[in-house]
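Written below as structure tokens is the structure these notes are about.
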Amino acid sequence: MSTLIKPIDYKQLLDAKQTEQGIKLIKDFFQQNLSTELRLRRVTAPLFVLKGLGINDDLNGVERAVTFPIKDLGDARAEVVHSLAKWKRLSLAENGVEPGYGIYTDMNAIRADEELDNLHSLYVDQWDWEAVITKEDRTIAFLKNIVERIYAAIRRTEYLVCETYSQIKPFLPEKIHFIHSEELLAMYPDMTPKEREDAICKKYGAVFLIGIGGKLANGEKHDGRAPDYDDWSTIAEDGRAGLNGDILIWYPVLGRSFELSSMGIRVDKEALLRQLKIENQEQRLDLYFHRQLMSDKLPLSIGGGIGQSRLCMVMLQKAHIGEIQASIWPEDMRQKCLELGMPLI
């Protein structure tokens with residue numbers, strides 16, 4: 001069986017009908033708040049893109065995209081997106097979006113190589129968002145301000161859910177704590193990255209972990225990031241590398257840290273060249289997306305993804321993401337979840 005966290009004394013707080021109503025409530029409310037908070041307008045996004053253009057998100061660089069041939073294009077192959085990290089930046093340029101404004105969309109993906117557990121599914125749905133910024137905005141201070149505004153929208157959503165369903169009690173802290181992955185390593189040098197995340201989230205309740213993708217003092221990465229969207233190598237004003245990070249919370253239902261969002265200031269030309277060299281992937285410079293960026297045809301931007309099913313899972317205090325979304329699960333996991341009181345859709 002794939003990894004399954006077995007929560008102690010878990011009991012669903014909402015029945016199936018209330019859960020479906022709650023999902024709609026959360027999605028409608030949060031996306032409107034996100035749009036207003038960051039001045040984003042909704043756009044329509046693709047489910048798949050042509051292979052070989054460098055547009056698809058490569059995640060950690062090892063996950064295989066789902067591909068298929070297109071009959072009317074001479075069997076040219078398309079890829080189901082992993083996320084829209086790079087496509088959104090092309091869309092900003094195409095639509096002539098001005099600094100201080102941006103776009104968001106419903107992103108649906110299939111990640112066939114995902115290791116299935118309480119938080120990870122073959123089906124990924126998130127609000128992908130991207131906003132145009134200026135050169136002066138490429139700072140840790142600007143990044144933190146955006147994180148605080150997103151976190152405020154998350155807490156407003158929690159308040160609405162708790163007002164709607166009295167059996168659900170709030171647990172998110174008022175403030176989100178900022179820490180760099182290098183600081184976190186220094187605090188917990190003998191722990192794995194996941195153990196460090198658990199420790200810091202249990203301490204503060206909500207954390208934005210800065211600087212993910214580059215190697216730390218111990219010669220290892222906290223986690224992987226593709227080299228061609230988030231800027232994880234620029235030395236920021238605090239003297240540490242990284243203008244990106246993850247929004248993490250402590251989730252009491254599962255007794256572990258829980259990632260709600262991955263986001264960051266995107267690479268400029270210098271950061272792209274530097275990160276491709278670090279990862280020995282300079283051949284990507286021949287791809288369409290990278291040529292556009294190197295030719296100054298793409299705006300500077302900040303962006304990220306916020307998990308829709310994950311946010312609903314947390315807001316409705318579910319123990320498995322399969323209680324929120326319809327996907328495919330190993331039969332033994334489905335049966336075990338049923339026994340544990342968390343039936344999967």
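The values are calculated or read from the model by the stated rules, or taken from the named source; none is laboratory data. Everything numeric in this text was worked out from a predicted model, so none of it was measured. Cβ placement follows ideal geometry from the backbone for every residue including glycine, while neighbour counts extend to all protein chains displayed.
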For PRO170, the lone unmet condition from (1) in contact with an Asp or Glu (Cβ under 6 Å, 6 or more places away or on another chain); (2) surrounded by 14 or more Cβ atoms within 10 Å (Cβ to Cβ) is (2)
Looking at (1) over 30 Å from TYR159 (Cβ atoms); (2) touching a helix residue (DSSP H, G or I) at 6+ places or on another chain (Cβ under 9 Å), find the lone condition where ARG64 falls short. (2)
Any chance GLY304 is within 21 Å of TRP129 (Cα to Cα), small (Gly, Ala, Ser), crowded, with 23+ Cβ neighbours inside 10 Å and under 23 Å from the mean Cα position of the chain (by Cα): yes
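Conditions (1) within 29 Å of MET315 (Cα to Cα); (2) surrounded by 18 or more Cβ atoms within 10 Å (Cβ to Cβ), marked per residue:
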{"position": "PHE30", "(1), (2)": "yes, yes"}
{"position": "ILE55", "(1), (2)": "no, yes"}
{"position": "ARG64", "(1), (2)": "no, no"}
{"position": "PHE68", "(1), (2)": "no, no"}
{"position": "LYS71", "(1), (2)": "no, no"}
{"position": "ALA78", "(1), (2)": "no, yes"}
{"position": "PRO99", "(1), (2)": "no, no"}
Suppose we filter the range 154-182 for residues that are among the β-branched types (Val, Ile, Thr), under 21 Å from the mean Cα position of the chain (by Cα) and not in a loop (DSSP other than H, G, I, E, B); how many remain? 3
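Would you say VAL124 is at pLDDT 90 or above and surrounded by 22 or more Cβ atoms within 10 Å (Cβ to Cβ)? Before the answer, list the steps.
On the way: at pLDDT 90 or above: yes; surrounded by 22 or more Cβ atoms within 10 Å (Cβ to Cβ): yes.
Against the criterion (at pLDDT 90 or above and surrounded by 22 or more Cβ atoms within 10 Å (Cβ to Cβ)), VAL124 qualifies.
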State whether one or more residues within the range 52-59 are without any contact (Cβ under 8 Å) to a residue 12 or more places away in the chain and farther than 16 Å from TYR123 by Cα. no
